[in-house]
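Reading through the structure tokens given below for one structure.
The values are calculated or read from the model by the stated rules, or taken from the named source; none is laboratory data. The structure presented is a predicted model; accordingly, all values stated were derived computationally and were not measured. Here Cβ is always computed from backbone atoms with ideal geometry, including for glycine, and neighbour counts include all displayed protein chains.
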Amino acid sequence: QVDPGAGPVALLQAAEGGAPQLMLLDYELEQPAELSETQVLTLTLAWQAVEPVVEDYTVFVHVLDEDGAKLAQRDARPCDGECPTDTWQPGHVIMDRYLLELAQDAGAPTQLAVGLYLLESGDRALVVGRDDRTVHLDVR
């Protein structure tokens with residue numbers, strides 16, 4: 001169960017030294033109970049704007065194995081384009097869901113790499129405390 005009240009997992013900002021604009025509050029990864037030809041993982045991200053966001057970000061999600069190899073990737077605007085970040089109001093929580101398809105012979109997912117970028121330029125939003133502009137989440 002996603003708990004948006006648990007405190008932020010990560011803070012993101014548009015510019016170095018700027019105030020954080022967005023928080024990733026929590027996440028939940030649902031894995032299928034039975035193996036099939038493909039495995040579909042469901043990732044729910046709970047976002048919240050801290051300040052007004054003027055940029056229209058795209059979310060990236062990478063599913064990684066223990067060696068850091070990419071098992072699946074999904075890039076999309078939040079809520080499949082229905083709730084662009086430049087419409088988010090401070091304090092409002094956005095529940096953003098992604099379906100990630102893994103091949104049956106894919107290794108076990110151990111980590112998620114999540115972040116935001118501008119589609120036009122590819123520039124990623126900064127993640128407070130991280131040089132790689134990526135939020136690293138454990139599969140739990």
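Summary table
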item: Residue in the range 107-133 that is surrounded by the most Cβ atoms within 10 Å (Cβ to Cβ), counting only those that are among the small types (Gly, Ala, Ser) and assigned to a strand (DSSP E or B); result: 115
item: Filter result (of a type in the set (Gly, Ala, Ser) and under 16 Å from the mean Cα position of the chain (by Cα)) within the range 91-121; result: 113, 115
item: All positions within the range 109-131 that are modelled with pLDDT under 90 and out of contact with any strand residue (DSSP E or B) (no Cβ under 9 Å at 6 or more places or on another chain); result: 131
item: Sole exception among (1) within 27 Å of residue 121 (Cβ to Cβ); (2) out of contact with any His (no Cβ under 9 Å at 6 or more places or on another chain); (3) surrounded by 14 or more Cβ atoms within 10 Å (Cβ to Cβ) for residue 72, by number; result: (2)
item: Residue that is surrounded by the fewest Cβ atoms within 10 Å (Cβ to Cβ) [pool: residues in the range 79-106 that are of a type in the set (A, V, I, L, M, F, W, C), in a strand (DSSP E or B) and touching a residue at least 60 places away in the same chain (Cβ under 8 Å)]; result: 103
item: Failed criterion for residue 64 (all others in (1) surrounded by fewer than 17 Cβ atoms within 10 Å (Cβ to Cβ); (2) in contact with a strand residue (DSSP E or B) (Cβ under 6 Å, 6 or more places away or on another chain) hold); result: (1)
